[in-house]
Amino acid sequence: MLEVRQLSKVFFEQNDPSKPGLVALYDVSFSVRKNEFVCLLGPSGCGKTTLIRVIAGLIQADRGEIRVDGKPVTAPGRDRCMVFQQFGLLPWRTVLGNVEFGLEIDGIPREQRREISRRYLELVGLHGFENYYPHQISGGMQQRVGIARALSKEPDILLMDEPFGAVDAQTREQLQEELLKIWSKTDTTVIFVTHSIDESVYLSDRVIVMQSRPGRIKEEVRVELPRPRWEGDVKADPRFAELRARIRESLRG
Amino acid sequence: MALNALEQQALTDLDLSRARPFRLADRLGAVRVLSVGLLILAWEIFGRDVNPLFLSYPSAIARATMQLLTAGEFQRQALGSLQVYAIGLSAALLLGIALGLLMGRYRLAEYILDPYVYALDATPRVALIPLLLLWFGLGPMSKIAIVFLSGLFPVLMNTFSGVRTVSASLVEVGRAYGAGERNIFAKIILPASLPFIMAGIRLAVGRALIGIITAEMFAAVTGLGALLIRYSSALATDKFFVPVIFLAVLGVILSHAVELWEKRLAPWKETERAL
């Protein structure tokens with residue numbers, strides 16, 4: 001469903017092609033099946049955020065291409081929705097208004113987008129907070145709004161750029177679990193950027209381990225832990241520890 | 001957020017409702033009124049001892065106000081001034097916001113326009129008054145031009161820097177959700193820079209008021225500025241204070257009105273503000 005083919009991206013200093021500053025991605029290829037949950041894992045500077053931004057259509061690659069269902073994509077589209085690390089909420093809009101934003105851009109009539117937004121706010125557990133402004137609610141709640149906003153457009157692919165990086169540890173675990181629950185109820189494909197090994201193993205079907213300078217894929221690790229993972233203590237499963245150790249080794253070497 | 005049952009219980013237990021000791025800081029509104037009241041009182045008492053050519057006092061000014069109002073002269077001049085003010089200021093706000101948005105968003109527009117904008121902004125407007133009088137004559141046109149120039153730059157500069165401070169990540173959110181340039185402008189740039197624009201409007205309202213009075217004092221034919229010149233030349237100090245106080249009150253009212261407007265348009269800023 002999503003194919004990334006030989007993608008490369010170089011950043012230049014002051015946009016001057018004679019001054020290469022960073023080879024953010026070099027010859028990156030992988031593909032993702034429908035309804036798969038894939039984590040991009042790596043140290044900072046490995047190009048994982050650049051990669052997800054290219055997939056989102058926010059920046060252009062220098063070489064290679066992205067295909068969704070066989071069609072090449074170069075610009076943002078409603079088939080892919082992004083959840084941002086710093087939430088990306090519009091401070092002048094209420095919780096409801098923020099969720100409506102994406103639908104508004106698509107020209108969905110007011111009544112209908114109200115109804116859709118309320119439904120997704122309910123799904124992320126924010127019923128009753130429709131009229132709050134982002135700064136009046138906690139970081140975890142703000143990111144729920146971000147998730148509701150993305151889901152409300154019913155994208156084929158949900159792109160998540162370290163979405164839980166800016167919330168505290170307890171909230172993070174709670175959000176991970178809720179994300180898995182929501183994902184299990186939809187047929188959305190998820191691409192999730194993180195630098196937490198535990199998070200990647202807990203959430204995904206497959207971890208794509210990246211390394212830096214140049215940013216590239218080191219290896220892909222299948223996570224064949226049983227689902228649903230929120231029941232029982234998956235993190236105590238010996239296979240979990242094994243995967244964690246293996247990925248840590250991969251990141252080190 | 002409403003308190004839940006346990007919090008309600010805790011509140012009852014804590015019993016914080018006992019009266020606090022009296023503190024002036026709890027009665028700030030009253031303190032302000034008292035301050036103004038005392039000043040007027042002191043002015044009334046001590047103002048009487050000063051030669052009326054140099055300083056008047058409140059009851060004399062009130063008498064002069066009644067006189068001018070019954071003659072109808074004051075209203076006529078004030079209305080003339082306000083009309084010119086409203087026209088010039090509206091034009092300044094419209095063009096200032098439009099140019100500010102354009103220059104903030106598009107590099108090309110910025111580089112084409114900013115030499116003139118910075119040069120004109122740095123020139124004291126008062127220096128242009130003789131020229132404008134020459135061009136447009138003593139009628140309302142020259143005054144409108146001065147009000148316009150006085151109000152234009154504060155709102156233009158503020159809008160410009162407002163657009164400049166819109167965080168790139170918010171624009172990116174817009175793009176990620178499929179917004180084209182028009183939607184980015186209407187739904188991201190404009191609301192994000194609104195607090196700056198409103199601050200610019202608040203400045204412009206004051207500057208334009210200075211502009212109109214200065215222009216009228218120069219031309220000295222019509223308007224409140226002309227009244228100021230006339231009464232001061234006639235050494236009618238009590239009458240002189242009538243337009244002065246009117247302008248002070250008008251200035252305060254206008255700037256409060258803009259502030260209220262600001263709160264309605266940008267309620268999220270209000271609650272974000274610290275104590």
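As I understand it, the dipole of the protein assembly as shown uses +1 on the Cβ of Lys and Arg and -1 on the Cβ of Asp and Glu, about the Cα centre. Which of B:Ile40, B:Gly162, A:Met141 lies farthest toward its positive end? Comparing the listed Cα positions along the dipole, B:Ile40 ranks first. Along the stretch B:238-246 the Karplus relation, 6.51 cos²θ - 1.76 cosθ + 1.60 evaluated at θ = phi - 60°, assigns HN-Hα couplings of 5, 5, 4, 5, 5, x, 4, 5, 4 Hz to successive residues, with x for each Gly and Pro. Within the shell defined by Cβ-Cβ distances under 14 Å, the residues around B:Leu55 carry a net charge of -1, with Lys and Arg each +1 and Asp and Glu each -1.
Residues whose amide H lies under 5 Å from that of A:Met82, counting only those 5 or more places away or on a different chain, are A:Leu159; hydrogens are built 1.01 Å from N in the peptide plane. 3J(HN,Hα) along the stretch B:133-143: 5, 5, 6, 9, x, 8, x, x, 4, 5, 6 Hz, from the Karplus curve 6.51 cos²θ - 1.76 cosθ + 1.60 with θ = phi - 60°, whole Hz, x for Gly and Pro.
In a simple Cβ point-charge model (Lys, Arg +1; Asp, Glu -1; nothing else charged), the protein assembly as shown has a dipole of about 720 debye relative to its Cα centre.
Applying a threshold of 22 Å to the alpha-carbon distances of A:Lys153/B:Lys187; A:Lys181/A:Lys235; A:Lys71/A:Lys185 flags A:Lys71/A:Lys185 as lying beyond it.
Using only Cα atoms, locate the centre of the stretch A:175-253 and the centre of the stretch B:107-159, then give the distance between them in Å, rounded to an integer. Cα centroid to Cα centroid, the span is 62 Å. Considering the options A:Gln85, A:Tyr26, B:Ser59, tell which one lies farthest towards the positive end of the dipole of the protein assembly as shown, charges being +1 on Lys and Arg and -1 on Asp and Glu at the Cβ, about the Cα centre. The Cα lying farthest towards the positive end belongs to B:Ser59. Scanning residues 5 or more positions from A:Val190 or on other chains, those with amide H under 5 Å from its amide H are A:Glu36, A:Phe37, A:Val38, A:Leu158, with H placed 1.01 Å from N in the peptide plane.
Based on the reciprocal of the average 1/r between different C-alpha atoms, the Kirkwood radius for the protein assembly as shown equals 28.3 Å. In this view, the solvent-accessible surface of B:Ser150, computed with a 1.4 Å probe and all protein chains in place, comes to about 10 Å².
Across the stretch B:144-155, coupling constants 3J(HN,Hα) worked out from phi with the 6.51/-1.76/1.60 Karplus curve, θ = phi - 60°, read 4, 4, 5, 4, 4, 5, 5, x, 4, 5, x, 6 Hz, and Gly and Pro carry x.
Mind checking B:177-185 for the average number of partner chain beta-carbons within 10 Å of each residue's beta-carbon?
Neighbouring Cβ atoms belonging to other protein chains average 4 per residue here.
Partner aspartates and glutamates whose Cα lies under 12 Å from the Cα of A:Lys9, excluding those fewer than 8 positions away in the same chain, are identified as A:Asp27, A:Asp62, A:Glu65.
The stretch B:56-265: Rg/Rh from Cα coordinates, Kirkwood Rh? Over the Cα atoms of the stretch B:56-265, Rg/Rh equals 1.09.
With all pairs of separate Cα atoms included, the stretch B:1-135 yields a Kirkwood hydrodynamic radius of 22.7 Å. When the Cα positions of B:Leu6, B:Ala219, B:Gly29 are compared along the charge dipole of chain B, B:Ala219 comes out farthest toward the positive end, with charges on each C-beta of Lys, Arg, Asp and Glu.
Here's how it looks for A:Leu25: its modeled amide H is under 5 Å from those of A:Lys9, A:Gly215, which are all 5 or more places away or on a different chain.
The order of the peptides A:237-245, A:206-214 by mean Cβ neighbours within 10 Å, most packed first, is A:206-214, A:237-245. Taking the Cα centre of chain B as reference, the dipole from Cβ charges on Lys and Arg (+1) and Asp and Glu (-1) amounts to some 220 debye.
The values are calculated or read from the model by the stated rules, or taken from the named source; none is laboratory data. The structure displayed is predicted, hence computed values, not measured ones. With ideal geometry, Cβ positions are generated from the backbone for all residues, glycine too; neighbour counts draw on all protein chains shown. When the accessible area is computed, the model is the full protein with side chains, heavy atoms only, and any ligands, DNA or RNA have been set aside. Shrake-Rupley method; radii C 1.70, N 1.55, O 1.52, S 1.80 Å.
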